[in-house]
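Q: Sending over a structure as structure tokens; questions will come in a sec.
Just so it is clear, none of the values below were taken in a lab; they were calculated from the coordinates. Quantities reported herein were computed from a predicted structural model and do not represent experimental measurements. Methodologically, a virtual Cβ is constructed for each residue, glycine included, from the backbone with ideal geometry; neighbour enumeration extends over all protein chains shown.
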Amino acid sequence: MSAETRTVAPHDPLAVGADPHPDLHNADLAPLPEDRRRWGWFEIFNVWTNDVQSLAGYTLAASLFITAGINGWWVFAAIVLAGLFVNYLVNLTGVPSVRYGIPYAVMARSGMGVRGAMFPALVRGIVAIFWYGAQTYFASTAVALALNALLGTPGGAEVLGMTGVDWISYLIVAAIQILLFVRGIAWIERFLNIAGPAVYVVMTLLLVAIWVQAGDELLPAVGTIFSSADVQGWAAVTAFLGVVGTMVAYFSAVIINFGDFSRFSRNVRGMKIGNFTGLPVSLAFFTFLSLFITAGAYVVYQDGQGEPQTNPAAIVGQVGNTALTVVAALTFLVATIGINLVANFIPPAYDLSNLAPQRISFKRGGYLTAVFGFVIGALWVAVIDQIGLPKFVDTLGAVLAPLYGILVADHYVVQRRTLRVHDMYSMDPAGRYHYTAGWNLRAVGAFLVAAVFSVAAVWVPWLAELSGFAWVIGAIIGAVLHVLVMRTHRSTVAAS
């Protein structure tokens, strides 16, 4: 039975009213009935495991090992600490969506207003589209690796930094993702369940192959080859904390809209178990593999010369085994596509649908995401890659951070953990989330002020030491400002 026709008692938290406003409601944005919530802890675990295992995730971890300038084991500890912190953050955003069955685009109406929620949803959607394009490009490198191994690396002229094989690979990945999206969420779920374990098998085999060749040199290399004599004392502390901040920023897109996934959970306990096993536990194992593979490949295949390889697909290519190269490439492809659909395709499809529910369905929002993301991914090598992946991650995280702070502060402090679902789909001026013509202008102002500070922390040279903390800075400022302006708002309303 659909959410629109379901008979509900007055106290039912899923009640949206007999006549929800058409500009605020469609079947995809409606509260999810309990009989359609099929996810247990394993499905949530797979969401995080595949996010961790993507090619972009490995490349970012390897880049942090190389650029942080501190002992590899300290970078490993910083990444695991980030996983614990993210676990805490997503539990905060996940609980209300488990309780009420609503996606992030609707949840945001509480703090931003029923119309104003279009703004954070659009910001989140744009960031997700950037990530979708980036992950599509990274997935295509795995296909290109397999094709080059089979064809003998034909090379050829480059367009926007990519060869003919690169472009063919990119088109193949784009088409596969659209096909899976059309097949529906059930196919994507099965896709993720296969991808997660397969990546760990391939990475473990790759590590064994490298360790056998590296021998006794590998363990000492892990602790020394990434260290810099210039990064000592307080500089080492800030580098450690910067790694934590950058990894939190990497997960920022999923942190803020985790409700898009937790709404499918049967209960809060299952969601929390999935979060813990999929984040700190899975992230620790994956980072361990990444650390040893990156260091081992540098010792074995590059003789400690030049820059270490940060893309696992490129490392596999150095092994010189065509069969292993093809199998590994396909495995990384499956993992990256899986999380790209879940983390960077489905959320903006909801967000774009929220802009005009009666004109943009979830499926149409998905097609728009695919088109915009295709353009961004095509420009990755020529434009975005020149910025550097850590800075790219920190920038996107800095934009989203204030929205997370506002969302959490609004639900737990301002609204005191209670939502009126009916008012979230109503344009009644007396509704709790109507504010000023549907916009909470105070919350929008809080976001803009916080976003200026957090983005400046990434790009302003004299704030360079804060760049790794951009997400935390933005989230804290956004939360504090929102609480302050909402207290002022309540005082004004009470006085009138």
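Q: How large is the dipole of the range 37-495 about the Cα centre if only Lys and Arg carry +1 and Asp and Glu carry -1, each at its Cβ, rounded to the nearest 20 debye? Don't skip to the end; give the middle numbers.
A: On the way: 23 positive and 18 negative charges, 487 e Å.
In debye, rounded to 20, the range 37-495 gives about 2340.
Q: I want to verify the translational diffusion coefficient of the range 280-409 in µm²/s; compute it with Stokes-Einstein, Rh as the Kirkwood radius over Cα pairs, at 4 °C and 1.567 mPa s.
A: Values: Rh = 18.0 Å.
Answer from the Stokes-Einstein relation: 72 µm²/s.
Q: Here's something else I'd like to know. Hey, rough spin-label estimate for Arg359 and Ala464, points 7 angstrom out along Cα→Cβ, what's it come to in nanometres?
A: Distance between label points: 4.7 nm.
Q: Subtract the Cα-Cα distance of Tyr412 and Asp19 from 0.36 nm times their separation in residues, and report this length gain in nm to one decimal.
A: Full-extension gain reported as 138.7 nm.
Q: Okay, moving on. Counting only C-alpha contacts under 8 Å and six or more residues apart, can you give the relative contact order of the range 301-434 as a whole percent? Could the numbers behind the result be given before it?
A: Numbers: 52 pairs, mean separation 12.3, N = 134.
Averaging sequence separation for qualifying contacts and normalising by length gives 9 percent for the range 301-434.
Q: Find the centroid of the Cα atoms in the range 245-316 and in the range 146-161, then give the distance between the two in whole Å.
A: 28 Å
Q: At 0.36 nm per residue, minus the direct Cα-Cα distance, what do Asp35 and Thr153 gain on full extension? Give it in nm, one decimal, please. Numbers along the way, then the final one.
A: Details: separation 118, 0.36 × 118 = 42.48 nm, distance 5.15 nm.
Roughly 37.3 nm would be gained on extension.
Q: Name the shape class, rounded, prolate or oblate, that the alpha-carbon gyration tensor gives for the range 404-496, where a ≥ b ≥ c are the square roots of its eigenvalues, rounded holds for a/c under 1.5, and otherwise prolate holds if a/b is larger than b/c and oblate otherwise.
A: Working: a/c = 2.57, a/b = 2.34, b/c = 1.09.
Prolate shape, in that a/c is at least 1.5 and a/b is the bigger ratio.
Q: Whole-Å semi-axes of the chain's equivalent ellipsoid, largest first, each the root of 5 times a Cα gyration tensor eigenvalue?
A: On the way: eigenvalues 316, 129, 77 Å².
Working from the Cα gyration tensor, I get semi-axes of 40, 25, 20 Å.
Q: Stick to the Cα atoms of the range 85-159, pair each with every other, and give me the Kirkwood hydrodynamic radius in Å at one decimal.
A: On the way: mean 1/r = 0.0626 Å⁻¹.
Taking the inverse mean of 1/r over all distinct Cα pairs, the range 85-159 comes out at 16.0 Å.
Q: Let me ask another. Equivalent-ellipsoid semi-axes (√(5λ), Cα gyration tensor) for the range 225-279, whole Å, largest first?
A: On the way: eigenvalues 249, 27, 13 Å².
Equivalent ellipsoid of the range 225-279: 35, 12, 8 Å, largest first.
Q: Of Phe362, Gly373, Ala335, which is farthest along the charge dipole of the range 294-399 in the positive direction, counting Lys and Arg as +1 and Asp and Glu as -1 at C-beta?
A: Comparing the listed Cα positions along the dipole, Phe362 ranks first.
Q: For n ≥ 4 DSSP H runs only, could you compute -39500 (n - 2.57) per run for the chain, divide by its residues and tell me the 222 nm figure to the nearest 500?
A: Calculated from helices alone, the mean residue ellipticity at 222 nm is -22500 deg cm²/dmol.
Q: Charges on Cβ only, +1 for Lys and Arg, -1 for Asp and Glu, centred on the Cα centroid of the chain; of Val52, Phe65, Val208, which one is farthest towards the dipole's positive end?
A: Val52
Q: Another question, if that's okay. Please state, rounded to one decimal and in Å, the Kirkwood hydrodynamic radius that the range 27-166 gives when every pair of distinct Cα atoms enters the mean of 1/r.
A: Every distinct Cα pair counted, the radius reaches 18.9 Å.
Q: P(r) tail for the range 242-345, what percent of Cα pairs lie past 24 Å?
A: 40 percent
Q: For a quick size check, give me the Cα extents of the range 326-369 along its three principal axes, largest first, whole Å.
A: Result, largest extent first: 44, 13, 9 Å.
Q: Still on this model: What distance in nm separates the two pseudo spin-label positions at Ala430 and Ala314, each 7 Å out from Cα along the beta-carbon direction?
A: 6.4 nm
Q: Could you calculate the FRET efficiency of Arg266 with Arg190 from 1/(1 + (r/R0)^6), where r is the beta carbon distance between them and R0 is 22 Å, rounded to 0.05? Can you show the working numbers first?
A: On the way: r = 18 Å, r/R0 = 0.84.
With a Förster radius of 22 Å, E is 0.75.
Q: Can you list the residues of the range 151-167 with backbone N under 17 Å from a point 7 Å past the Cα of Leu379, pointing along Cα to Cβ?
A: What the label zone holds, given the 17 Å backbone N cut-off, is 159-162.
Q: If contacts are Cα pairs under 8 angstrom and at least 6 residues apart, what is the relative contact order of the chain in percent?
A: Details: 851 pairs, mean separation 155.6, N = 496.
Normalised by residue count, the contact order of the chain is 31 percent.
Q: Put a dot 7 Å past each Cα toward the Cβ at Leu441 and Ala27; how far apart are the dots in nm?
A: 3.9 nm
Q: Roughly speaking, what is the stretch gain from Trp234 to Trp211, that is 0.36 nm per residue apart minus the C-alpha to C-alpha distance, in nm to one decimal? Please list the in-between numbers first.
A: On the way: separation 23, 0.36 × 23 = 8.28 nm, distance 3.36 nm.
Length gained, Trp234 through Trp211: 4.9 nm.
Q: For the range 338-496, state what percent of all Cα-Cα pairs lands in each successive 5 Å bin, counting from 0 Å until the bin that includes the largest distance.
A: Per 5 Å bin, starting at zero, the Cα-Cα P(r) for the range 338-496 comes out as 2, 8, 12, 15, 17, 18, 13, 9, 5, 2, 0, 0 percent.
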